[in-house]
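The values are calculated or read from the model by the stated rules, or taken from the named source; none is laboratory data. These figures come from a predicted structure and were not determined experimentally. Backbone-built Cβ (ideal geometry, glycine too); neighbour counts: all protein chains shown.
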Ligand SMILES: *Cc1c(COP(=O)(O)O)cnc(C)c1O
């Protein structure tokens, strides 16, 4: 890996972070007359902890890493944007990303005026390692990978990811938003081996907290420090920090049950979909959704919309002609979906 000073934008390297009132005194008790808050309407009158110390400690312990290897953001979208802003000079630098993949990398790149050099996955949705590394040039700061990948659903092979990480001098981001559905595949236990690795995870999927907005980035402390320096001081509000603490403490078993149920439902749903004459292929999934192929994706999509069942039409995405992405729902929701699809063939 290149030294961080060479990878970072010079203005970020020089930046002094905003120092909030709460940076100077970290005690929890006292007469707080330092932040121009209102003394009434507790607990919402107080600014949240900008360093999220309690929540970070809790999550780090749960994930088996150190607090200083962990960044917490307003969804994963926040660290995605911050990584662009910290490392990529607008109009000059670029990133490499796989195609197809999650659309937010492209949006965050475009907002920051960064070019994305897209590299097609292979036909079985795996990494073309040589092509990824060949797409790198002098201005490439970050390679974006996603495993399990969205919308394809499969994990990339870890040995391929590893070849990308060790073959590139800049940062490699591996978005593991769906990793809770693919236990044993995470690169997090190996974070220490790779100084240029950034792993993204989220509470939006398996943890059922999409509405709370809580995402994580894991990396070596020097990278985490940069993200923390440029984030909004109060990026996680009081309610999110409190509710996430509660859920982490009380719901761990329930989350494990949700995952088990959703994985069982995913198989059941795949079995049912397989019986439909117009479903040509169900791609193997390591996530909480299925990508299916059908001769007329738009018609199937519209037929479901007419019955207020909403899935995702991915048929215009690279390598995904005819593809629809279906989130695995509750048993009742999946039954409604199958019922509706059975009517489609009768038309
Ligand atoms: C859903 C998803 C996320 C989650 O984003 P949040 O901002 O944490 O809700 C991140 N990456 C991928 C690939 C996703 O599909």
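Remark: residue 181 matches the filter, which requires a residue to be surrounded by 21 or more Cβ atoms within 10 Å (Cβ to Cβ) and within 13 Å of the ligand (Cβ to nearest atom). Among residues that are touching a helix residue (DSSP H, G or I) at 6+ places or on another chain (Cβ under 7 Å), touching a residue at least 12 places away in the same chain (Cβ under 8 Å), farther than 29 Å from residue 74 by Cβ and surrounded by 13 or more Cβ atoms within 10 Å (Cβ to Cβ), residue 303 is included. Within segment 202-218, being more than 7 Å from the ligand (Cβ to nearest atom), out of contact with any helix residue (DSSP H, G or I) (no Cβ under 9 Å at 6 or more places or on another chain) and under 16 Å from residue 150 (Cα atoms) holds for no residue.
Could you tell me which residue of segment 151-178 is surrounded by the fewest Cβ atoms within 10 Å (Cβ to Cβ), considering only residues that are within 13 Å of the ligand (Cβ to nearest atom) and more than 28 Å from residue 8 (Cβ to Cβ)? Result: 154.
Residue pairs whose Cβ atoms lie under 7 Å apart, separated by 6 or more positions or on different chains, with the first residue in segment 189-213 and on the phi > 0 side of the Ramachandran plot and the second near the ligand (Cβ under 9 Å from one of its atoms) and at pLDDT 95 or above, are 213/74; 213/75.
Of the strands (runs of 3 or more DSSP E) lying entirely inside segment 82-184, the ones with 3 or more residues being in contact (Cβ under 8 Å) with a residue 24 or more places away in the chain and either farther than 30 Å from residue 262 by Cβ or within 14 Å of the chain's Cα centre (by Cα) (or both) are found at 94-99, 140-146, 171-175. Counting just the residues of segment 230-251 that are over 20 Å from residue 177 (Cα atoms) and touching a helix residue (DSSP H, G or I) at 6+ places or on another chain (Cβ under 8 Å), which one comes out nearest to the ligand (Cβ to nearest atom)? Here the residue is 231.
Restricting attention to segment 62-88, the residues that are closer than 20 Å to residue 8 by Cα and away from the ligand (no atom under 15 Å from the Cβ) add up to 6.
Checked across segment 52-71, the condition of being in contact with a helix residue (DSSP H, G or I) (Cβ under 9 Å, 6 or more places away or on another chain), surrounded by 15 or more Cβ atoms within 10 Å (Cβ to Cβ) and on the phi > 0 side of the Ramachandran plot holds for at least one residue. Counting only helices (runs of 4 or more DSSP H) wholly contained in segment 238-323, the ones carrying 1 or more residues that are touching a strand residue (DSSP E or B) at 6+ places or on another chain (Cβ under 7 Å) occupy 252-274, 297-306.
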